[in-house]
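Notes to accompany the following structure.
The values are calculated or read from the model by the stated rules, or taken from the named source; none is laboratory data. From a predicted model like this one, the values you see are computed outputs, not experimental measurements. Ligands, DNA and RNA are stripped out before the accessible areas are found, and what is left, the full protein with its side chains, is counted by its heavy atoms. Shrake-Rupley method; radii C 1.70, N 1.55, O 1.52, S 1.80 Å.
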Amino acid sequence: MKLPPLAHVAPRRLGEAVTRLAEARPGQALPLAGGQSLVPQLASRARTTRLLVDLRDVGELTGVTEHAGCLRIGAMTRQHTLATDPRIRAASPLLAEAAATTGHASVRHRGTLGGTLAHAASQAQLVVAAYALRARLVVTGPEGTRTSDLRSWFGGPHAPGVAHGEILTAVHLPLRGPGRGYALAQLGHPVGGRPATTVAAVVDTAPDGTLLRAELTVGTRVSPPAAVDVTHRLTEAGEAAAQTVRIVPGTPDRQEPPAAYCRHVVRVLADRALTEALSRARHRGPGAPLPRLEETS
């Protein structure tokens, strides 16, 4: 299907982009990042708008820097960059691995970190990884700039915490500490191959290998992301993760997997991710090189 009639602007400064969004009536203007999710939704009439504010020329929204113990990633940073940038691979390998397994190469060269988080697909690899890493989001709007915790960002699948006229401008991630292990496990949906369920595991260990903290983050197509501390219940970790799957009220899509099936998948993926994360934490010292992240074609 073709896009409906709409206006398109491509400002070069963040302030101008915010102004154009804020001037429009609520629901009548949308920011355009990579467009990998929004454009198909507009073409299928799943979403509507009269104005697209294209952010591709806003240079303030790109770039990767380190500051005050955090990695700052501009919201318009492409997924390909997330997967290949040496600073991200060293400081936040879970995010790099999530980006490397997102879609096809052509998608990763267009898709952005901010666009993915703003789309708020609960099961998306980057969403689950950022949630597991306790990402903080920088949002700019008519009233100025504010910082939001990603874990309070979701009101449900595809329901991000961004208000009218606001733009997600950057993502802050804490730097990886020594003794940290991570892993990502996912199952693709039978229709289209997109992730139906993604589980991330993050563990912290002492120099002698003693487990200090273990947390699982779960994202599915039927419920918003959720994290559960399994430090003291490793033998029950899969079941604890499965219990985070709670269906958001509403009419289910006939292509969505039933919740019982999702919980079963989560149990399997949680055990797999936790085992891998523990192995990585205990068998790779803080100064050892990262494993090569092969990008899928």
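Before moving on, here are some points about what is shown:
- Solvent-accessible area of the chain (1.4 angstrom probe, protein heavy atoms only): carbon and sulfur portion equals 53 percent.
- Fraction of the pair-distance distribution of the chain above 30 Å, Cα-Cα pairs, percent: 30 percent
- Solvent-accessible surface of region 86-189, taken per residue with a 1.4 Å probe and all protein chains present: 34 Å².
- His67 accessible area, assembled protein chains, probe 1.4 Å, Å²: 140 Å²
- Taking the DSSP beta bridges with both ends in the chain, the antiparallel portion is around 85 percent.
- Ranking of Arg146, Arg180, Arg50 by solvent-accessible surface, largest first: Arg50, Arg146, Arg180 (1.4 Å probe, protein heavy atoms only, all chains present).
- Per residue, the chain reaches -8000 deg cm²/dmol at 222 nm when only DSSP H runs of four or more residues are counted, each adding -39500 (n - 2.57).
- Proximity of backbone amide H atoms, modeled 1.01 Å from N, is registered between Arg180 and Thr205 at under 5 Å, excluding neighbours fewer than 5 places apart on the same chain.
- All distinct Cα pairs of region 4-60 go into the 1/r average, and the inverse of that average, the Kirkwood radius, is 11.5 Å.
- In the frame of its principal axes, region 6-103 has Cα extents of 42, 30, 19 Å, reported largest first.
- Percentage, to the nearest whole number, of Cα pairs in region 79-189 over 18 Å apart: 49 percent
- Whole-Hz couplings from phi, Karplus 6.51/-1.76/1.60, listed for region 164-175; x for Gly and Pro: 4, x, 9, 10, 6, 9, 7, 10, 10, 10, x, 5
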